[in-house]
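A short worksheet on the structure shown next.
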Amino acid sequence: MEVQMNAQTNQFWIWVVVIIGLAMLAGVIILLRRQNRKYDWAKERDQMDGFEFEYYCADLLSANGFVNVEVTRSTGDYGVDILAEKEGITFAIQCKRYSKPVGIKAVQEAYAGRDYYDRMVGAVLTNQYFTKPAMNAARKLKILLWDRDYLQTLEQ
């Protein structure tokens, strides 16, 4: 009887180990797929044209709690590509899909567009990073700089 109990106990623990192992394997597979998807999204995002990137950013903002998200017309937009609101704060957002760091001109456009559209906050959203002059101007003009890292947090 004792031998039968030990065999049943051993069989139980073998199944526990197998189940835990399978769960861990599933977790690793999910993690690897997420990492690959992030990489694919970044690669795909970096290949978009400017127009596609604006709509992509608008969709990301909507998925992250922004409301009344509107892409402005492509010409004569007064330096702003997206108008949006979050928690009662209105935003004027300039999007830049570049292959190099974003310069001061984008900050100036967001600054002008923020005032033209009478928004509370101006921002530049990019798939890259910003030059030092752009960061200095943004600080002085009170424009938010949302770089590649911020964009990736929106994508998660």
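The values are calculated or read from the model by the stated rules, or taken from the named source; none is laboratory data. Computed from a predicted structure; not experimentally measured. Cβ sites come from the backbone with ideal geometry, for glycine too, and all protein chains shown count toward neighbours. We work out accessible area using only protein heavy atoms, side chains counted, and drop any ligands, DNA or RNA first. Shrake-Rupley method; radii C 1.70, N 1.55, O 1.52, S 1.80 Å.
Overview of values
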quantity	calculated
Residue in segment 70-97 that is surrounded by the most Cβ atoms within 10 Å (Cβ to Cβ), counting only those that are at pLDDT below 95 and farther than 12 Å from Glu54 by Cα	Gly79
Index of the failed condition, Leu60 passing every other in (1) surrounded by fewer than 20 Cβ atoms within 10 Å (Cβ to Cβ); (2) in a helix (DSSP H, G or I); (3) over 15 Å from the mean Cα position of the chain (by Cα)	(3)
Residue in segment 108-118 that is part of a loop (DSSP other than H, G, I, E, B) and closer than 23 Å to Gln156 by Cβ present	no
Some residue of segment 28-47 being at pLDDT below 90, touching a strand residue (DSSP E or B) at 6+ places or on another chain (Cβ under 9 Å), open to solvent by less than 80 Å² (accessible area, probe 1.4 Å) and not hydrophobic (A, V, I, L, M, F, W, C)	no
Close pairs from segment 114-141: first closer than 20 Å to Cys57 by Cβ and open to solvent by 80 Å² or more (accessible area, probe 1.4 Å), partner of a type in the set (A, V, I, L, M, F, W, C) and assigned to a strand (DSSP E or B), Cβ under 6 Å, at least 6 apart	Met120/Ile89
Those residues of segment 126-147 which are modelled with pLDDT of 95 or more and either in contact with a Cys (Cβ under 9 Å, 6 or more places away or on another chain) or in a strand (DSSP E or B) (or both), in sequence order	Phe130, Ile143, Leu144, Leu145, Trp146
Segment 87-111: number of residues that are over 28 Å from Gln47 (Cα atoms) and in contact (Cβ under 8 Å) with a residue 24 or more places away in the chain	2
